[in-house]
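One structure is given below, encoded as structure tokens.
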Amino acid sequence: MKVIVTGAAGFIGGHAAERFLNRGHVVIGIDNLSRPGNFANLQHLSSAGRERFLFLHADIRYASDIERIFADHPDVAVVIHEAGQVAVTTSVANPRMDFESNALGTLNVLEAARQKAPKSIFVFASTNKVYGGLEHLGVRESFGRYEYADTPEGISESEPLDFHSPYGCSKGAAEQYVRDYHRIYGLKTVVLRQSCIYGTRQYGMEDQGWVAWFTIAALLGRPITLYGDGKQVRDVLWVGDLIDLYECAIERIDVAAGRIYNAGGGASNSLSLVELLSMLERAIGRSIPRRVSAWRPGDQRIFVANSAKAKRELGWEPGTTPALGLPKLIEWTRANAAGIESLLPPVDVNDLATALR
Ligand SMILES: NC(=O)c1ccc[n+]([C@@H]2O[C@H](COP(=O)([O-])OP(=O)(O)OC[C@H]3O[C@@H](n4cnc5c(N)ncnc54)[C@H](O)[C@@H]3O)[C@@H](O)[C@H]2O)c1
């Protein structure tokens, strides 16, 4: 079959494209090449044996460009929509660009699919940020980490929406359009509200992709800043497990169409910041310098998704614990250290000095 992957030069889009290529499918990748690591990821996809991969340099903010691509490929069976602006910090600095990439860009891809490939399956990468700050939930500290007082299994899809930050708003608006295109136009759409996804070929930076960023910083000797007390907890999901979920949703599209699923590692795959640092220290055999800074506005003490609905309806559950995933991420980071280093901003010696203090 033919698959269109937007954001194919990015982290998750690149893994999705690779999976479909490995299954023998034809993949059309779209990306505007605006993120660090894009060229390395594309090189990986274009390497030997990838003659079924076609890359198109395009920007989803421009409706006519996207429409033209879909017009050229009306036989596309699956659309995996990953392209977008991904950092909350960037969305605060530039809300218009964030809106145009995430909300308008998604509408453009949806419209192209509706008009040119109305039978296609459309999978959208949404985010747990649509649930907002969840300030009403009780949180307590236990064994040096935060936990929910009354909802140990985490946040389910029935939690009311409460968009926070321009990023939360633009992704939230986008996912509601995606869902509604099933109700109104019958497009076979699925929304996945993803928690923190980690894995190889993720060029994490301080403001996005914290597991990858801590790993890169630890191995490359970059200073790590802990905002808050470091006891804050997130559920993490290995990228391969997420792509398994995409495949489950496609296989069970009779059930999944028009539905929304959380896609997280859940309570059993959750990590606090200091727990991740300890795992990294054990793996690399030395202590990792860090500095501590004040909590950032809106930082949650805990977010853990309950993905029981995806298990119940689609038969999916994550299989890769952090103990299994982290060594693979470390190995990839070590093997690609020079390339990753070249994409990082120059080291600020004052920063380093503070971190080492
Ligand atoms: N990584 C996570 O933990 C996570 C969690 C929740 C949701 N998501 C969502 O998953 C998707 C993929 O995230 P990722 O981690 O792979 O990020 P990424 O930055 O690695 O990939 C996104 C890709 O989209 C491209 N892009 C950005 N704006 C574009 C535009 N206007 N037109 C065309 N291409 C554009 C970028 O160049 C990049 O290659 C995003 O939509 C993100 O919001 C990611």
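Quick look at the values:
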| item | result |
| --- | --- |
| Relative contact order (%) - the range 2-351, alpha-carbon pairs under 8 angstrom, separation at least six | 17 |
| Relative packing of 263-269, 179-185, which averages over residues the other C-beta atoms within 10 Å, highest first | 263-269, 179-185 |
| Rounded to whole Hz, the Karplus (6.51, -1.76, 1.60) HN-Hα couplings of the range 175-188, x for glycine and proline | 5, 5, 4, 4, 5, 5, 5, 6, 4, 8, 10, x, 5, 7 |
| Estimated [θ] at 222 nm from DSSP helical runs (n ≥ 4, -39500 (n - 2.57)) normalised by residues in the chain, nearest 500 | -12500 deg cm²/dmol |
| Angle between the chain longest axis and helix 63-72 axis [Cα atoms, degrees, rounded to 10] | 60 |
| Cα-only radius of gyration and Dmax that characterise the chain, units Å | 19.7, 59 |
| Nearest-0.05 FRET efficiency for Arg23 and Arg140, computed from C-beta distance (R0 41 Å) | 0.35 |
| Highest to lowest packing among 54-64, 168-178, scored as the average C-beta count within 10 Å | 168-178, 54-64 |
| Interchain or long-range residues, amide H under 5 Å from Thr189's placed H | Phe122, His182, Gly258 |
| Amide proton proximity set for Thr225, modelled H, under 5 Å, gap of 5+ | Arg291 |
| Simple spin-label estimate for Ala63 and Tyr227 in nanometres, 7 Å along Cα-Cβ | 3.5 |
| Rounded tilt (10° steps) of 105-116 against the dominant C-alpha axis of the chain | 20 |
| Full-stretch length increase - Ala338, Arg183 - with 0.36 nm per residue and alpha-carbon distance subtracted | 51.0 nm |
| Packing-based order for 283-293, 147-157, using average beta carbon neighbours within 10 Å, highest first | 147-157, 283-293 |
| Gyration tensor (alpha-carbon) shape descriptor, the range 147-205, a/c threshold 1.5 | oblate |
| Cross-link partners of Lys116 among aspartates and glutamates (Cα-Cα below 15 Å; sequence separation of 8 or more within a chain) | Asp65, Glu67, Asp72, Asp75 |
| Computed FRET value (nearest 0.05) for Met1 with Leu220, which takes r as the C-beta separation and R₀ as 41 Å | 0.55 |
| Other-chain or far-sequence residues with amide H under 5 Å of Gly29's (modelled H) | Val5, Leu54, Phe55, Leu56 |
| Above-threshold pairs, the threshold being 24 Å between Cα atoms, out of Lys129/Lys328; Lys231/Lys311; Lys2/Lys311; Lys188/Lys309; Lys231/Lys309 | Lys129/Lys328; Lys231/Lys311; Lys2/Lys311; Lys231/Lys309 |
| Degrees, to the nearest 10: 322-335 long Cα axis against longest axis of the chain | 90 |
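Taken together, the values in this text are just the output of simple stated rules run on the coordinates, not laboratory data. All figures in this text were calculated on a predicted structure; none of them were measured in a lab. With ideal geometry, Cβ positions are generated from the backbone for all residues, glycine too; neighbour counts draw on all protein chains shown.
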